[in-house]
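Before I ask anything, let me first share the structure, which is written out below as structure tokens.
The values are calculated or read from the model by the stated rules, or taken from the named source; none is laboratory data. Just so you know, these numbers come straight off a predicted model, no measurement behind them. Here Cβ is always computed from backbone atoms with ideal geometry, including for glycine, and neighbour counts include all displayed protein chains.
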Amino acid sequence: MISLLAAGCQGFLESQIFFPQREMEATPASQGLGYENLRIKTADGLALHGWLVPRVGARHLVLLCHGNAGNISHRVDILRRLHDLGPSLLIFDYRGYGQSQGRPSEKGFYLDAEAALALAQELAGRQGLRLVIHGHSLGGIAAVHMAAQGQPAGLVLESTFPHLGAIGGAHLPLPLLRAALKSHFNALGEIGLVRCPILSLHGDRDDIVPLALGRELFAAAPEPKRFVTLRGAGHNDTHLAAQEAYFQAWREFLRQIP
């Protein structure tokens, strides 16, 4: 019964999870940042679009996995603010988002994550940088998948949930929903494989991914790890609402990764 329910919901789920936007609204240059356009090849032959934002004297390369809406052009503000902390940055769009080819799907989402990870590892290795993976919301699912496979120097999860069933159950508490959807976008099933320091950031006013879900995923993560509750922050305004608390957590985390 549960498996039939999940299978029947697959197409509907993907239409409700992914909210891509094709139109690009800004570039890092609009924030005064130099950048390079990247084309990232996936295992099934698609070309994803991304940006490399280098930083002279950087010790880290931060690979950013954004959430389920918009595209990378909507993340230029956080790119600038993280760039000010000292790392080089790599951000990419999933298939169907921005200038990336294809259409979004759960299977493709993981293929996109693996392709971006491979490029990030290559760039970090070539430049002698420590790779840190960051994921916001749905992007945190990609980040956990990457970290479980690639064993980076650090993992930052922001407003991330354990699996799709947990989100479904939080907003629509039907008896079978959590069980039916728990195998979809399942970070809980992979986080135990991560072997690097983990920083988890979550707003206490998040009404999309409730704080309790962030704590549930964090509880399953291996040490070393740190959970930071961002007071007054919701789901999409974490760095704007929490301000210094958000960036101080980032500074301390990067300092612990030599």
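Collect the residues in region 50-81 that are more than 21 Å from Gly125 (Cβ to Cβ), in contact with a Leu (Cβ under 7 Å, 6 or more places away or on another chain) and not basic (Lys, Arg), keeping them in residue-number order.
Gly67, Asn68, Leu79
Just to be sure before I move on: is Leu117 modelled with pLDDT of 95 or more and either of a type in the set (Val, Ile, Thr) or over 28 Å from Ala245 (Cβ atoms) (or both) in the structure I sent?
yes
Additional query: Quick check, is Val76 surrounded by 18 or more Cβ atoms within 10 Å (Cβ to Cβ), part of a strand (DSSP E or B), aliphatic (A, V, I, L, M) and modelled with pLDDT of 95 or more?
When the stated conditions are applied, Val76 does not pass them.
Further question on the same structure: Please go through region 204-228 and pick out each residue that is of a type outside the set (Gly, Ala, Ser), touching a helix residue (DSSP H, G or I) at 6+ places or on another chain (Cβ under 7 Å) and outside any helix (DSSP H, G or I).
Of everything in region 204-228, those that are of a type outside the set (Gly, Ala, Ser), touching a helix residue (DSSP H, G or I) at 6+ places or on another chain (Cβ under 7 Å) and outside any helix (DSSP H, G or I) turn out to be Asp204, Val209, Pro210, Pro222, Lys225, Phe227, Val228.
Given the residues Arg103, Arg55, which is the only one that is more than 15 Å from Phe18 (Cβ to Cβ) and basic (Lys, Arg)?
Arg55
Further question: Out of region 189-198, which residues are in a loop (DSSP other than H, G, I, E, B) and buried (at least 22 other Cβ atoms within 10 Å of the Cβ)?
Val194
Could you tell me whether any residue of region 23-34 is in contact with a Gly (Cβ under 7 Å, 6 or more places away or on another chain), at pLDDT 95 or above, under 21 Å from Ala147 (Cα atoms) and not β-branched (Val, Ile, Thr)?
no
May I pose another question? Do the conditions hold for Ile208, that is, is it surrounded by fewer than 22 Cβ atoms within 10 Å (Cβ to Cβ) and either aromatic (Phe, Trp, Tyr) or more than 20 Å from His83 (Cβ to Cβ) (or both)?
yes
Moving on to the next point. Which of the residues spanning region 212-229 are hydrophobic (A, V, I, L, M, F, W, C) and surrounded by fewer than 17 Cβ atoms within 10 Å (Cβ to Cβ)?
Those that are hydrophobic (A, V, I, L, M, F, W, C) and surrounded by fewer than 17 Cβ atoms within 10 Å (Cβ to Cβ): Ala212, Ala219, Ala220.
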